[in-house]
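Have a look at the structure below before the remarks.
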Amino acid sequence: MGSTATESNDTLLGNGVVGILAETCNMWERRAPLTPSHCARLLLGGGNRTRVNRIIVQPSTKRIHHDAQYEDAGCEISEDLSECGLIIGIKQPKLEMILPDRAYAFFSHTHKAQKENMPLLDKILEERVSLFDYELIVGDDGKRSLAFGKFAGRAGLIDFLHGLGQRYLSLGYSTPFLSLGQSHMYPSLAAAKAAVIAVGEEIATFGLPSGICPIVFVFTGVGNVSQGAQEIFKLLPHTFVDAEKLPEISAAWNLSKQSQSTKRVFQLYGCVVTSRDMVSHKDPTRHFDKADYYAHPEHYAPVFHERIAPYASVIVNCMYWERRFPRLLSIDQLQQLMKSGCPLVGICDITCDIGGSIEFVDKSTSIEKPFFRYDPSNNSYHDDMEDDGVICLAVDILPTEFSKEASQHFGNILSKFVASLASMKQLVELPSYLRRACIAHDGRLTSLYEYIPRMRKTMIDLAPAKANPSPDKKYSTLVSLSGHLFDKFLINEALDIIEAAGGSFQLVRCEVGQSIDDTSYSELEVGADDTATLDKIVDSLTSLANAHGGDHDARKETELALKIGKVNECGTGDTVDKEGPKVLILGAGRVCRPAAQFLASYPNICSYGVDDNNTDQIHVIVASLYQKDAEEIVEGIKNATATQLDVADIGSLSDLVSQLKKHMVTASYVDESMSNLKQAAKGAGVTILCEMGLDPGIDHMMSMKMIDEAHARNGKVKAFTSFCGGLPSPAAANNPLAYKFSWNPAGAVRSGKNPAVYKFLGETIHVDGSSLYESAKRLRLPELPAFALEHLPNRNSLIYGDLYGISKEASTIYRATLRYEGFSKIMATLSKIGFFDAANHPLLQDTNRPTYKGFLDELLNANNISTTTTNLNIEASGGYDDELIARILSLGHCKEDIAVKTVKTIKFLGLHEEIQIPKDCSSAFDVICQRMEQRMAYGHNEQDMVLLHHEVEVEYPDGRPTEKHQATLLEFGKVENGGSTTTAMALTVGVPAAIGALLLLENKVQTKGVIRPLEPEIYIPALEMLESSGIKLSERVEI
């Protein structure tokens, strides 16, 4: 029997057969660890490349992806997973589903010795299972690789807004929130966001009743959960304020309320608070110190109920709480607040912290019944929205409401690890970040988690006896540690320090944070043979604790913990293999960092079939004229270095191609100089992959995929239209032009004078540059109903007919630039006034500089625009605004509403101000570009947006109905924990370029010379990688 078991173990563990569990923990759990597309990529890659030979999926009728979709991807459907060496799921399975001598991966919630899950851990050990916990897979930067926090925040806030509309209705107020559904009611996250945007547009247009305003949302914490909730909130018209400004807003509104009871309000207020806003030191002479607070919370008194809660309409709780810390809001405090007229309407407790920081939250709610009402006047709970009290949402499974996106996000990351886990026979074969995530192997806890039995004993016996804490040591002392001891593996570093010095330890007390964002507290009885050794241990442990807990605000907490987490002398493999592949990035612009991050973080280029060496890493070198710029790009990126380089010193590109024989990728267009390199590149056997960005780049690949698929089905492309634009996100489109610049606006303004040509229904249409703005047309996309857009023809569309091979068959070929509706009419009017004239203006050549207002008057006078010749329906007493409107209307080129919007734009840009124009402005064009650069730049944490939409109309000769194929990309800029922003434009240009480099490294591209990404050998894997990186492309077909 023993030999049979051993043979079975050898056969199954690492056999390349993966099982996917049916989720059984909750009826709403519809997520999957891998989607069908992930499975297809793993299986189609073949066992030699991905090391996954088979995938067996347990059938489920509620999983977001149907069994048939997995079958189509090449998976097997079966209840029996006994042939699988690796079995994966999302939540912990039932105990009877644990098979012996296999590897399992799921969220086990055991590594902190959570009492309710110890039977599961015992079963794991009994069955000699290798258990990998997703929560413990941590990247080289110290951050969790697999998490759903942002999805919880997104779903939680949408669900709460849904209930908020009902609550306000019960109080007698109709609000736009009433039309919003719960998160799971929408087919996608994008659709849910569009619905929120539509609510925001209604608020911005018609306002909210004054009787419920100001509406103030208070967000606790700055982690992923809070970021996800804020992401949704920012889709509504809003202003964020600091905590100390809340009383001013309340006082100003109360004063306004007395005089204008019917006034409508067109925005919400948001406030993000951290622990420094929630407590104050009991000693009034001392300020808040985060390290001291986490180590000695008893030194601090709660103040949230005094400083924040009295002004909050909604508290969005995104922070976990431990009993040693003061509560955020006690029942007594809430009762006093409500008696004093606090405007609090509800609690959105995304943490679902039962009996925690908000004391009255004593039960969780469900997706089907997400709210309860708490009446603090009599301490009663109700299931309805009527009568007194506050409503509360406390759903504990929020991410599953966006099962499709959550599964895609999760699988994008997990699929990178599956190959290693599926082929693993011994732990030593795995990379360090997966070894660290293994809690148990072969019936024993791994060394990193040998503390769990001690923690279990401590939790059972709250006051354990200290009998023989260090029986073999002469000296001992009690050392206290606080911080991210378990989620950042600091407990292991502490124990390593003790053992490395020859000491011993006993865990005496432990209080464990139950979430990734929470801190823990431990007391260790530390022993040593002599006092010198003990002093050394204590000094090292104290340094570790102090370094972790420094005086930093909450936004920098994780960064500090990560830095400590990287200190590891146990051979974690942090060094870069200098003999591995290298990529040189020339320049240090915005797009370089996303490209460098993608390449440097790519865990293993052989996952796409280069070779079988599991240690190969891509080393990225960023070179710039200025060393500092390059260093900023690579900061925090592992496997990336910066260097100073002047490209003017290294000869021409032609010399580099012919002599060095290196491949090259660029997002730039193929111009004449680049075309001239074609033969030299071919002769050198290298590939110069051009136009590998967004537009051009992703647009090429999406187009050719649709066109080639149509041709493969014997279809004929009847019409091709492409719309693309870089825009502010709806929340950032907060100026009259609804547009912003992340660089000098001169280029964008000049593009408004470019002539255009396209083909429409067989007719070639020419648009003169002087009338480009007038040619703009309205656009609405059914799948994005909240976006009011317009499009302008983009230069020469006809050349794309040649590139795409559809010139002879397509009667319509049209490429356009996207803007929000109304942009072009305002820009056309500014052009008519003369602001886009690049010729030197006489008034700007004098040493005595004119003011902006004086220059505006001069431009209007030069066009003979005056109010004396007008006969308009404008009040004579309307002031300067009405005078400007009248003078602009005299041009005769716009209607009154556009004139009004143009005046708003002029005033927004400050072109009416009595301020001298700087000396470096010599033309009207310089003046308006200078003001646009100052006034239309993106603010801190504001996001941009990229929208790309293709439509290909396909007809068939055999009588099949005509089809309209559509593909859409919608990407928003990313705001990182530290507050830095990566623009959507940088992502969608930098990542495709990096993917191009990766394809060349992997020898995926066989064509030599100067090429574009128009062939399947490029666009098929590139689009797959693009989606895996998080840049989503949606496709649909209409008949």
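The values are calculated or read from the model by the stated rules, or taken from the named source; none is laboratory data. None of the values given here were measured: they were computed from a predicted structure. All Cβ positions, glycine included, derive from the backbone under ideal geometry; neighbour counts span all protein chains shown. Surface accessibility is based on the protein's heavy atoms, side chains included, excluding ligands, DNA and RNA. Shrake-Rupley method; radii C 1.70, N 1.55, O 1.52, S 1.80 Å.
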_I'd like the residue in the range 80-99 that is without any contact (Cβ under 8 Å) to a residue 40 or more places away in the chain and of a type outside the set (Val, Ile, Thr) and, out of all such residues, is farthest from Ile137 (Cα to Cα)._
Asp80
*Can we say Lys759 is open to solvent by 30 Å² or more (accessible area, probe 1.4 Å), under 15 Å from Arg815 (Cβ atoms) and within 35 Å of the chain's Cα centre (by Cα)?*
no
*Would a scan of the range 357-373 turn up a residue that is open to solvent by less than 40 Å² (accessible area, probe 1.4 Å), over 24 Å from Gly221 (Cβ atoms) and more than 36 Å from the chain's Cα centre (by Cα)?*
no
*Among the residues of the range 730-740, write down those that are in contact with a strand residue (DSSP E or B) (Cβ under 6 Å, 6 or more places away or on another chain) and either buried (at least 22 other Cβ atoms within 10 Å of the Cβ) or not in a loop (DSSP other than H, G, I, E, B) (or both).*
Lys740
*Just wondering, is there one or more residues in the range 241-249 that are assigned to a loop (DSSP other than H, G, I, E, B) and over 24 Å from the mean Cα position of the chain (by Cα)?*
no
*Applying the selection to the range 924-952, what residues are surrounded by fewer than 21 Cβ atoms within 10 Å (Cβ to Cβ), at pLDDT 90 or above and in a strand (DSSP E or B)?*
Leu947, Glu951
_Is it the case, given these coordinates, that His65 is assigned by the TED database to the domain that holds Asp133 and touching a Gly at 6+ places or on another chain (Cβ under 6 Å)?_
no
*asked:* Show the residue pairs meeting these rules: Cβ distance below 8 Å; 6+ apart or different chains; first residue within the range 1028-1039 and over 12 Å from Met702 (Cβ atoms); second residue among the small types (Gly, Ala, Ser).
replied: Ser1028/Ser415
*asked:* Quick check on the range 765-780. Is at least one of its residues touching a helix residue (DSSP H, G or I) at 6+ places or on another chain (Cβ under 7 Å) and aromatic (Phe, Trp, Tyr)?
replied: yes
*Could you check how many residues of the range 355-388 are in a strand (DSSP E or B) and among the charged types (D, E, K, R)?*
2
*asked:* So for the range 319-333 (the condition being in contact with a strand residue (DSSP E or B) (Cβ under 7 Å, 6 or more places away or on another chain) and of a type in the set (Asp, Glu)), does at least one residue qualify?
replied: yes
*Any residue in the range 378-401 that is open to solvent by less than 20 Å² (accessible area, probe 1.4 Å) and of a type in the set (D, E, K, R)?*
yes
*Give, as residue ranges, the strands (runs of 3 or more DSSP E) completely inside the range 273-354 that count at least 3 residues that are at pLDDT 95 or above.*
314-317, 346-349
*Does Ser330 fit the bill of being hydroxyl-bearing (Ser, Thr, Tyr) and surrounded by fewer than 19 Cβ atoms within 10 Å (Cβ to Cβ)?*
yes
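Let's see how each residue does on (1) crowded, with 20+ Cβ neighbours inside 10 Å; (2) assigned by the TED database to the domain that holds Ala301; (3) in contact with a strand residue (DSSP E or B) (Cβ under 7 Å, 6 or more places away or on another chain):
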| site | (1), (2), (3) |
| --- | --- |
| Ile212 | no, yes, no |
| Gly228 | yes, yes, no |
| Lys245 | no, yes, no |
| His281 | no, yes, yes |
_Exactly one condition in (1) at positive phi; (2) surrounded by fewer than 19 Cβ atoms within 10 Å (Cβ to Cβ); (3) under 32 Å from the mean Cα position of the chain (by Cα) is false for Cys352; which is it?_
(2)
*asked:* Could you go through the range 770-792 and let me know if any residue there is part of a loop (DSSP other than H, G, I, E, B), polar (S, T, N, Q) and surrounded by 14 or more Cβ atoms within 10 Å (Cβ to Cβ).
replied: no
*Hand me the list of helices (runs of 4 or more DSSP H) wholly inside the range 666-724 holding 3 or more residues that are under 27 Å from the mean Cα position of the chain (by Cα).*
698-712
_I want to confirm something. Restricting to the range 793-813 and keeping residues that are open to solvent by less than 40 Å² (accessible area, probe 1.4 Å) and not in a loop (DSSP other than H, G, I, E, B), which single residue is nearest to Ser923 (Cα to Cα)?_
Pro793
*Scan the range 67-89 for residues that are out of contact with any Leu (no Cβ under 8 Å at 6 or more places or on another chain) and not in a loop (DSSP other than H, G, I, E, B) and jot them down.*
Asp67, Ala68, Gln69, Tyr70, Glu71, Asp72, Glu76, Ile77
*Hey, among Ile1031, Ile1018, Ile1011, Ile1039, which residue is open to solvent by less than 10 Å² (accessible area, probe 1.4 Å) and either over 23 Å from Leu818 (Cα atoms) or polar (S, T, N, Q) (or both)?*
Ile1018
*Among residues belonging to the range 814-859 that are closer than 18 Å to Lys753 by Cβ and basic (Lys, Arg), point out the one that is least open to solvent (accessible area, probe 1.4 Å).*
Arg815
*Which of the residues spanning the range 366-418 are out of contact with any helix residue (DSSP H, G or I) (no Cβ under 7 Å at 6 or more places or on another chain), closer than 16 Å to Glu29 by Cβ and among the small types (Gly, Ala, Ser)?*
Ser366, Ser403, Ser407
*Tally the residues that are among the charged types (D, E, K, R) and either free of Cβ contacts under 8 Å to residues at least 40 places away in the same chain or in contact with a helix residue (DSSP H, G or I) (Cβ under 6 Å, 6 or more places away or on another chain) (or both), restricting the search to the range 930-959.*
3
*asked:* Looking only at residues that are open to solvent by less than 50 Å² (accessible area, probe 1.4 Å) and out of contact with any Gly (no Cβ under 8 Å at 6 or more places or on another chain) in the range 248-268, which one is modelled with the lowest pLDDT?
replied: Ser256
*Filter the range 167-189 for residues that are of a type in the set (A, V, I, L, M) and either open to solvent by 60 Å² or more (accessible area, probe 1.4 Å) or assigned to a helix (DSSP H, G or I) (or both) and give the result.*
Leu169, Leu171, Leu178, Met185, Leu189
*asked:* of a type in the set (Asp, Glu) and open to solvent by 10 Å² or more (accessible area, probe 1.4 Å): is that true of Asp699 in this structure?
replied: no
*Would you mind listing the helices (runs of 4 or more DSSP H) fully within the range 394-474 where at least 3 residues are modelled with pLDDT of 85 or more?*
403-423, 432-435
_Tell me whether the range 159-166 contains one or more residues that are surrounded by fewer than 21 Cβ atoms within 10 Å (Cβ to Cβ), not assigned by the TED database to the domain that holds Leu445 and not small (Gly, Ala, Ser)._
yes
